[in-house]
Amino acid sequence: MTQNHALPPLIGDEQGRYRIRVLGNSGSPLGSGKSTVSKELGSILNLPVLSLDETYWQPGWKTTPAEEFREKIEEFMQQNTSRGWVIDGDYGSKGGFFVQECATDVIWLNPPLLLYFPRIAFRTFLRLVGLHPPCRPGCPETIREVFFSKDSIIWWCLSQHRVNIKRNSALMKIWGLGMGSRARKMRRLDGWGAETRNWLENVRELARSQ
């Protein structure tokens, strides 16, 4: 873990507002825990939450045009300027870099592939047999898409795991607490979940003290 324990669990701005970006490793809409952690942060801090996955994907697996996608992100951020916000997801040049610049805190969830890949595979199986809702309304998964497509969520997670670690490690060199060359606001939460749970408990204590 790359983190300065002398620092509070969240940095915030001079007015005590938090603009939090949550990143995961999977390169997929689910599995690494970013949606769960984002919702938990929103609940603890009473902040609105925006999922970039849900914003980007439209029914029928259609994508939102880049300009419209960024406009939706900017509108959400502007509407919540006085409150703060939580935004989860990557999407780099499509809007993620802009979120990175505006965030007061960047949280990188870095669980091992062995932890989140079985979750993704199991949820995908449940969707295929109709025992779990689709990951996005109007975006059903089929056997062909899951096992025989280059866009398969299974293949995507396997192929993007190291890619995402490399990209987020590069961001740590720029933004990382105790190591970044610019504003030091990014922290990495590793392991099988205990570190993330402990950090969330520290966030709860921070919220109670305010």
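A short reminder: the numbers here are calculations on the coordinates, not readings from a lab. On a predicted model such as this, the values are computed, not experimentally measured, just so you know. Methodologically, a virtual Cβ is constructed for each residue, glycine included, from the backbone with ideal geometry; neighbour enumeration extends over all protein chains shown.
Hydrodynamic analysis of the chain uses the Kirkwood radius over alpha carbon pairs. Inserted into Stokes-Einstein at 37 °C and 0.692 mPa s, it gives a translational diffusion coefficient of 185 µm²/s. Computing Rg and the Kirkwood Rh from the Cα coordinates of the range 55-142 gives a ratio, Rg/Rh, of 1.03.
Cβ crowding within 10 Å, taken as a proxy for footprinting-reagent exposure, orders 179, 77, 186 from fewest neighbours to most as 179, 77, 186.
Look at 154, 120 and count the other Cβ atoms within 10 Å of each Cβ; fewest to most, that gives 154, 120.
Derived from the Cα gyration tensor, the three semi-axes of the equivalent ellipsoid of the range 82-200 are 30, 16, 15 Å, largest first. Sorted from greatest to least, the principal axis extents spanned by the alpha carbons of the range 18-87 come out as 33, 28, 17 Å.
Between the exposed loop cleavage positions of the chain, defined as trypsin sites (Lys or Arg not before Pro) in a non-H, G, I, E, B DSSP state with at most 12 neighbouring beta-carbon atoms within 10 angstrom, the longest gap is 1-149.
By the beta-carbon count within 10 Å of each Cβ, the least crowded to most crowded order of 161, 132, fewest first, is 132, 161. Remark: for residue pairs 72/173; 34/185; 34/166; 39/166, the C-alpha separation exceeds 21 Å in 72/173; 39/166.
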